[in-house]
Amino acid sequence: MLLKVDGIDAGYGEVQILWNISLTVNKGEIVALLGSNGAGKTTTLRVISGLLQPYKGRIFFGEKDITDLKPYERVELGLSLVPEGRQLFPRLSVYKNLKAAAYTKRAREKFEDTLEIIYNIFPILKERRDQPAGTLSGGEQQMLAIARSLVTRPRLLMMDEPSLGLAPKLVIEIINLASRLRDEGYTVLLVEQNVHHALKIADRAYIMETGRIVKEGSGEELLQDPDVKKAYLGL
C-alpha cells in the first residue's frame, strides 16, 4: 500500500466538505476518484497534498504518517499533484517550466535523466522545448503540466481533472496518458469527471457524492454497476 487516507473530515472554515473519507492506493495502480462537480474530489486531493489540513483523520504515505507535514515535505517524499487548470508559467518556455519544477534536491540531481524520460513519453514537448508555454495547444499544455509534476520524481502522481476544457478527441488522449504512465512504472490517483473513460483505464475506483464515498470497486465492476450507469453514464 502506497497511500492510505483514513477517516478524513475536512472543509473550509466552518463549512465541512468531506465526511469520513477513506481510500487506498497500491503501488503500480491507477485509482480513480470520480463524481459530479462539487462532490469533494479536488478537496480530497488538497488534503492529501497538504494544501488543506483535515479536521480529523490521518494520511499515511508508505509507512509514514504525513498528516502534519507541509506540502513541500510531501513532495520530497514523492507525492506530486497535477493541479486543475494546469497553472503553467505562460511566458516561460517549455524547458524553463520543467526546470522551475526541479526545486527539491532529488529533482535537481536527476533533472537531466528525468528530462529524457519526459521527452520519451511526450516527444512533442521536446519539439516545443523553446516555445512559450502559453502558445501551446490545450492538449500540449496539459502534457506539460503532467511532465512538470514528473520532474519531482513522484512515487504517486495525483491528476486533478486533466481533461477539463479539452476537445472531446483530446479528452480520451489525455486520460489514456494515465494508462501510459502506469506502464512506465508510475502510480496514479486520477480525479476525473469523465467517468466512462476513467473507469475503462482504472484498476480500482471510488465514487464520491456530496463529500462522501458511496461506492468502490474495480473499474470494470463500476462500469457494469446499474447505479453508476444511470447516474454517470446515461444508460
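The values are calculated or read from the model by the stated rules, or taken from the named source; none is laboratory data. Note that the structure is predicted; figures quoted are calculated from it, not measured. Glycine also receives a Cβ, built like all others from the backbone with ideal geometry; neighbour counts cover every protein chain displayed.
List of remarks:
- Scanning the range 68-78 for residues that are closer than 23 Å to Gly165 by Cα and surrounded by fewer than 17 Cβ atoms within 10 Å (Cβ to Cβ) turns up nothing.
- Restricted to the range 89-183, the set of helices (runs of 4 or more DSSP H) holding at least 1 residues that are outside the structural domain of Val25 (by TED's automatic domain parsing) and modelled with pLDDT under 95 comprises 94-100, 105-109, 111-121, 123-127, 138-150.
- Matching entry among Pro132, Pro168 (being on the phi < 0 side of the Ramachandran plot, surrounded by fewer than 18 Cβ atoms within 10 Å (Cβ to Cβ) and without any contact (Cβ under 8 Å) to a residue 24 or more places away in the chain): Pro168
- Filter result (buried (at least 23 other Cβ atoms within 10 Å of the Cβ) and either touching a Lys or Arg at 6+ places or on another chain (Cβ under 7 Å) or of a type in the set (S, T, N, Q) (or both)) within the range 32-42: Leu33, Gly35
- Any hit, the range 44-55, residues being out of contact with any Pro (no Cβ under 9 Å at 6 or more places or on another chain) and either in the same structural domain as Gly139 (by TED's automatic domain parsing) or surrounded by fewer than 17 Cβ atoms within 10 Å (Cβ to Cβ) (or both): yes
- Scan the range 187-215 for residues that are surrounded by fewer than 17 Cβ atoms within 10 Å (Cβ to Cβ) and part of a strand (DSSP E or B) and the total you get is 3.
- Number of residues in the range 55-67 that are assigned to a loop (DSSP other than H, G, I, E, B) and either within 18 Å of Pro162 (Cα to Cα) or not hydrophobic (A, V, I, L, M, F, W, C) (or both): the value is 4.
- With respect to (1) modelled with pLDDT of 90 or more; (2) hydrophobic (A, V, I, L, M, F, W, C); (3) out of contact with any helix residue (DSSP H, G or I) (no Cβ under 6 Å at 6 or more places or on another chain), the lone exception for Ala231 is condition (1).
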